[in-house]
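In what follows, a single structure is set out as structure tokens and then discussed.
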Amino acid sequence: MLSWPVTFGKATSRVGRTIAEQGLTSTDPRDFLGRGVFATQDIPRSTVVDVSPVLIFSEDEVENHTKHTRLQHYTYYWPSESGRTMTQALALGLGSMFNHSLRGQNVGWKRNTETDVIVYTTLRDIKAGEELCISYGSARLWFDDADASPDAVLGDDELDTGGETLAELELSGLGKMDL
Ligand SMILES: C[S@@+](CC[C@H](N)C(=O)[O-])C[C@H]1O[C@@H](n2cnc3c(N)ncnc32)[C@H](O)[C@@H]1O
């Protein structure tokens, strides 16, 4: 398995492996949630499955541009440059591909505001074929949550009308996990 350190900005991470080499695929075989992240091999608990660098938008960019586009459904809250307010950031890489599951969350994530990355780590052993899900938080979601009820009607991103961001969590939320 090939793996090598790659630097991006302030961060250094082992991101040389392809998704397949990491034991992941980003295609949803069920084909109703759009894309998702699935294990192609067993993955032990506490494995870092992705380190996603983020593209931080200014508050002005969010207000005037991204919140009016589908990008809004892929962004995480992030502290603004002043550190006093929150803006939004787009996770590049698998970070934007994780679907939400409050009940079945098996991947935790942590913002690193020093290196501008989000680190995703398995919370338990994961079997090949299982979907890797994060939690977008317990606040109101902008889509019909397929995880809410087995009979739930699934939303289509094209039809999303909400203006919410992916992660409603406060900085002290899931990100508390120490890696
Ligand atoms: C960050 S994206 C996740 C990747 C997305 N499935 C794709 O194909 O681009 C968030 C979008 O995925 C869909 N999604 C994620 N979790 C879901 C869930 N539990 N139930 C229904 N749709 C979900 C929603 O359309 C949401 O706007």
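No lab work stands behind these numbers, since they all come straight from the coordinates. Worth saying up front: this structure is predicted, and the values here are computed from it rather than measured. Reconstructed Cβ throughout: ideal geometry from the backbone, glycine too, with neighbour counts over all protein chains shown.
Residues in segment 93-118 that are within 12 Å of the chain's Cα centre (by Cα) and closer than 17 Å to Tyr77 by Cβ: Gly95, Ser96, Phe98, His100, Gly108, Trp109, Lys110, Arg111, Val117, Ile118. All told, Arg103 meets the bar of being within 15 Å of the ligand (Cβ to nearest atom), basic (Lys, Arg) and within 20 Å of Ala139 (Cα to Cα).
Filtering segment 37-52 for residues that are away from the ligand (no atom under 13 Å from the Cβ) and more than 21 Å from Cys133 (Cα to Cα) leaves an empty set.
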